[in-house]
Every structure is written in structure tokens, then in C-alpha cells.
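This report concerns only the one structure given below.
No value in this document is a laboratory result; all are computed from the given coordinates. As the structure is a prediction and not an experimental result, all values here were calculated from the model. Here the Cβ positions follow ideal geometry from the backbone for every residue, glycine too, while neighbour counts run over all protein chains shown.
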Amino acid sequence: MIIFSNENENTSDIADNCDEIEISVAQVGDSMENIIEAAEVKENAEKTEPIISLTDEPEITTNKRISELVATEFIKEHHAKFHKGNLRSGMVLEYDGSIILLGDVNPGAQIRATGNIIVLGTLKGVAHAGANGERDAYVFALKLAPVQLRIADIITRFPESSNSKSNINPEYAYVEDGTVFVSTFE
């Protein structure tokens, strides 16, 4: 992230405050020309780094503005738990964030996350993504054939015939207009 501040702000304080709240900052400066020049020169700077100007509202302090940005822009990201191994009948895997599972979720097993669920294997059990009510969550699997799939408060069942179909493409389920849709991931 590149942060542009007005010349009255101490740029080292801004960088220190960003470090405290675990935001990685590539450049902090008091001149847009200097920041752009530094960003162009910096060999490993990503072209997608957002440039955030903290001077749009001069009456708001830089620290308060950074806190607002964190609360609104970065809160949508989830922590992810990585789990290696199959979930067998009776097992439950729960996490406050997203789950990435390397293995299968067998019938009778449950996987529940407040964020997204990614199964690098077959999903035949129960999956509940967005368990805290987040309808933007999704469920992805190499083979998607759950007994029951929930995203936020929306519950759907897959037909028995879908459990036996041999789809070679991964699929993902998501909510749109209050309905769960399943699409092929290509």
C-alpha cells in the first residue's frame, strides 16, 4: 500500500502506526510526485498497490483515517485455516474465518466456516460457509456433491443423482438474489 499524507504529518509515525495494525506499507510520503517516482523506481513494487490519499479531509487526523480504512476496506478479508486430511462421518471442522481443506469431506461429516470453504477434494458431507450470516461467502470443491449446503442462512440440498455424476471440472456455490447457484470453475 502506498499512503500519501499532507506535509504536516510525520511520515515515520504513519508507517509505525501501520506496522502496529499489521498493514504493509511500501511508501509513505508528503509529495505525490515523490511517491509516484519512488513507486516506479522500486523494483519489487506491485502495480496493483493502492495509493491512498489522507489529505482529502484535512480536518481528520491521519491515524483516524487509517483506522477507518482498516475498518471498512480490510475487515472483509478472512483468516484461513488449512487442514490436511479427510473428514470422516461424525467429524466436524469449524473455524472463525475461511477453511482450506486438502482432502475429502465424507457423508456424515460437517465443515463450517464464517468465511469461505475450499475443499481440494470431494465434498459429500454438510458444508456451511458464511456461518455468521455473510452471504458473500462461497463453497468451492474439486467435486461438489454435498448432502446439504448452506451459505449464510440459505440452505439447499443436492439431488441424489448429483452425487453420482462424474464432473471433471471443479465447482463453486455462491448466493445471488437469495438463491444458491452452482457454477463450473474454469
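For the stretch 80-184, lysine pairs separated by 8 or more sequence positions, or belonging to different chains, with Cα-Cα distances below 18 Å total 5.
Rg over Rh for the stretch 80-184 works out to 0.92, using Cα positions for both radii and the Kirkwood form for Rh. Counting neighbouring beta carbons within 10 Å and listing from fewest to most, the residues E176, E94 come out as E176, E94.
Per-residue Cβ neighbour counts within 10 Å put T122, T184, T114, T156 in the sequence T184, T156, T122, T114, beginning with the fewest.
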